[in-house]
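The values are calculated or read from the model by the stated rules, or taken from the named source; none is laboratory data. All figures in this text were calculated on a predicted structure; none of them were measured in a lab. Here the Cβ is made from the backbone with ideal geometry for all residues, glycine too, and neighbour counts use every protein chain on show.
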Amino acid sequence: MAITSSTIAVPEIPAVPRHIAIVMDGNGRWAKQRFLPRFAGHRRGVENVRSTVRACAENGVEFLTLFAFSSENWRRPVEEVSFIMQLFRGALKREVARLHENGIRFRAIGDLARFDPELQRLIAEAEALTRDNTRLTLTVAANYGGRWDIMHAVARMLKEQPQLAAGFAEADLLPYLSLAYAPEPDLFIRTGGEQRISNFLLWQLAYTELYFTDTLWPDFDVAALQLAIASYQKRQRRFGRTGDQVEGAAGASALRAASGSG
Ligand code: IPE
Ligand code: IPE
Ligand code: MG
């Protein structure tokens with residue numbers, strides 16, 4: 001796919017988001033509300049991923065990117081971190097065959113080198129098995145940080161093309177960002193009530209529609225996802241233009257479609 005950038009050209013505006021990015025927050029509070037240990041919330045959170053992936057595929061969403069573990073989440077108690085790692089390993093072992101049967105391509109982004117070798121191997125195997133699937137690309141962001149992504153991209157670019165140290169353009173950098181294979185997210189969802197990005201896709205969210213809900217991640221069901229998509233569909237995405245320009249452009253493309261000239 002050609003790499004597109006919302007700050008280089010106005011992108012296509014799809015009726016159903018092509019790319020949804022989710023900060024899956026609120027597992028700990030979900031558990032606390034039930035007088036359960038935080039672990040129980042993480043376990044329910046992982047279970048909720050399956051129905052979200054299915055619902056996105058059924059709605060025609062092409063890319064789903066989930067924030068599973070941030071580069072700052074290492075600051076948590078060591079038992080919680082190791083439980084989350086154990087959940088990743090379990091989920092990969094259990095779910096990858098099913099993802100593959102359903103035509104889903106699996107990708108992981110983030111600084112994976114910090115993970116234990118078994119987890120790195122499971123991720124590599126899942127990516128290799130599913131690499132040619134086309135129905136939906138499920139990207140899991142693990143040990144991911146938006147700043148890391150940009151720094152890492154610049155470093156890789158300069159290593160491969162040292163002459164660019166004298167000066168480079170946005171288009172030079174784009175192929176090195178970790179989501180270079182996906183269009184920028186159309187819709188960002190954060191569950192759990194906080195209204196912040198928490199170092200998720202800093203570069204890629206430049207023109208993404210943001211949606212925040214108090215619903216905790218384990219409770220974020222298909223109906224809740226539909227509400228988020230409905231909210232997206234009510235927005236006018238202007239990308240710097242005026243509302244009149246946007247309506248004019250929409251009218252012109254409807255006319256072209258009606259006259260069959262594409
Ligand atoms: C998100 O849920 C999951 C991860 C960060 C791994 P939290 O664990 O942050 O849940 P809260 O915010 O404490 O409720
Ligand atoms: C963001 O959630 C990271 C993930 C969901 C993986 P956090 O719960 O870690 O975010 P902060 O620390 O409250 O901003
Ligand atoms: Mg949280």
Can you pull out every residue in the range 47-86 that is within 23 Å of ALA113 (Cβ to Cβ), away from ligand 2 (no atom under 12 Å from the Cβ) and touching a residue at least 12 places away in the same chain (Cβ under 8 Å)? PHE83, MET85
Which ones in the range 122-134 are in a helix (DSSP H, G or I) and surrounded by 13 or more Cβ atoms within 10 Å (Cβ to Cβ)? LEU122, ILE123, GLU125, ALA126, GLU127, LEU129, THR130
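Provide a single number: the residues in the range 158-204 that are more than 16 Å from ligand 1 (Cβ to nearest atom), among the polar types (S, T, N, Q) and closer than 30 Å to GLY28 by Cα.
2
If I ask for residues that are part of a loop (DSSP other than H, G, I, E, B) and within 13 Å of the chain's Cα centre (by Cα), which ones from the range 198-216 would you list?
Passing the criteria: ASN199, PHE200, LEU201, LEU202, TRP203, GLN204, LEU205, THR208.
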Check on ILE20, away from ligand 3 (no atom under 16 Å from the Cβ), surrounded by fewer than 21 Cβ atoms within 10 Å (Cβ to Cβ) and either more than 25 Å from TYR232 (Cβ to Cβ) or in contact (Cβ under 8 Å) with a residue 24 or more places away in the chain (or both): no
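Conditions (1) of a type in the set (Val, Ile, Thr); (2) away from ligand 2 (no atom under 16 Å from the Cβ); (3) without any contact (Cβ under 8 Å) to a residue 12 or more places away in the chain, marked per residue:
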residue	(1), (2), (3)
ALA180	no, yes, no
LEU187	no, yes, no
ARG196	no, no, yes
TRP203	no, yes, no
ASP214	no, no, no
TRP217	no, no, no
SER231	no, yes, no
ARG235	no, yes, no
PHE239	no, yes, no
Strands (runs of 3 or more DSSP E) wholly inside the range 1-120 containing at least 1 residues that are more than 16 Å from ligand 1 (Cβ to nearest atom) and within 17 Å of TRP217 (Cα to Cα): 19-23, 63-70
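One line per residue, one yes/no per condition, for (1) under 15 Å from GLY45 (Cα atoms); (2) surrounded by fewer than 18 Cβ atoms within 10 Å (Cβ to Cβ):
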position: MET85; (1), (2): yes, yes
position: ALA97; (1), (2): no, yes
position: HIS100; (1), (2): no, yes
position: PHE106; (1), (2): no, no
position: LEU112; (1), (2): no, yes
position: GLU118; (1), (2): no, yes
The one condition THR139 fails out of (1) touching a residue at least 60 places away in the same chain (Cβ under 8 Å); (2) within 18 Å of MET24 (Cα to Cα); (3) part of a helix (DSSP H, G or I) is (3)
Taking the criterion of being in contact with a Lys or Arg (Cβ under 8 Å, 6 or more places away or on another chain), under 30 Å from GLN33 (Cα atoms), among the basic types (Lys, Arg) and loosely packed, with under 14 Cβ neighbours inside 10 Å, would at least one residue in the range 178-191 satisfy it? no
Determine whether the range 225-237 contains at least one residue that is modelled with pLDDT of 95 or more, under 30 Å from GLY145 (Cβ atoms), basic (Lys, Arg) and surrounded by 14 or more Cβ atoms within 10 Å (Cβ to Cβ). yes
